[in-house]
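Inspection log for the structure reproduced underneath, given as structure tokens.
The values are calculated or read from the model by the stated rules, or taken from the named source; none is laboratory data. Note that the structure is a prediction, hence the values are computed from the model and not measured. Glycine also receives a Cβ, built like all others from the backbone with ideal geometry; neighbour counts cover every protein chain displayed. When the accessible area is computed, the model is the full protein with side chains, heavy atoms only, and any ligands, DNA or RNA have been set aside. Shrake-Rupley method; radii C 1.70, N 1.55, O 1.52, S 1.80 Å.
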Amino acid sequence: MKTSIAISTEAIVSTLLAETALRHHLSADRPPLLTRDQTPALARLAEGEATAIAAATGADISSPGDDGIIITLRMDIPATTAASTVRLLIEKTVASRIAATAYAGICPRTASAATSQAAETLAALRSLLSAPATIVPSRI
């Protein structure tokens with residue numbers, strides 16, 4: 001049975017801005033700071049990256065609603081896996097892929113780190129989704 005996962009572009013952008021702000025302030029190479037002014041462009045990139053993740057995981061995707069904020073993915077999730085865990089992994093993967101795109105050609109070190117993070121979280125997501133369902137015997 002497919003489960004609906006609501007992905008928030010606002011949550012993705014907030015995660016992305018927080019991570020890039022920390023990297024900007026704490027990293028020796030000080031990559032340029034992404035700001036709220038770039039939210040429309042970052043949200044648009046989130047749509048594209050969510051579509052790529054849907055394709056990579058076999059999920060169905062619907063475009064954002066009228067509010068332009070929520071993207072819905074429908075996918076098979078093992079019974080032992082919380083939908084919120086899947087949602088957080090998808091949002092983290094999308095944010096990392098956007099960071100890789102945003103910093104490509106500007107800050108190769110940051111882009112490379114974001115690419116690695118995106119690959120790791122996508123691999124974790126795929127592993128989670130392909131885990132065999134386990135049946136826990138009831139206690140009598």
- Given ALA79, ALA50, ALA55, which one is closer than 22 Å to LEU128 by Cα and in contact with a strand residue (DSSP E or B) (Cβ under 8 Å, 6 or more places away or on another chain)? ALA50
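Within region 10-21, identify whether any single residue is part of a loop (DSSP other than H, G, I, E, B) and under 20 Å from ILE106 (Cβ atoms), and answer yes or no. Break it down stepwise before answering.
As a first pass, look at region 10-21 and keep what is part of a loop (DSSP other than H, G, I, E, B): none.
No: region 10-21 contains no residue that is part of a loop (DSSP other than H, G, I, E, B) and under 20 Å from ILE106 (Cβ atoms).
Answer with yes or no whether GLU91 is charged (D, E, K, R), over 18 Å from HIS24 (Cα atoms) and either open to solvent by 50 Å² or more (accessible area, probe 1.4 Å) or part of a strand (DSSP E or B) (or both).
Taking the combined requirement at face value, the residue does not satisfy it.
Give the residue, chosen from SER96, SER84, that is in a helix (DSSP H, G or I) and at pLDDT 95 or above. Let's see the steps before the verdict.
Numbers: SER84 fails: at pLDDT 95 or above.
Selected residue: SER96, the only one of SER96, SER84 that is in a helix (DSSP H, G or I) and at pLDDT 95 or above.
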- Inside region 14-41, the number of residues satisfying the requirement of being of a type outside the set (Ser, Thr, Tyr) and free of Cβ contacts under 8 Å to residues at least 60 places away in the same chain is 15
- For ARG126, all conditions in the list (1) in contact (Cβ under 8 Å) with a residue 60 or more places away in the chain; (2) under 15 Å from the mean Cα position of the chain (by Cα); (3) closer than 20 Å to ALA18 by Cβ; (4) open to solvent by 60 Å² or more (accessible area, probe 1.4 Å) hold save one; what is the number of the exception? (3)
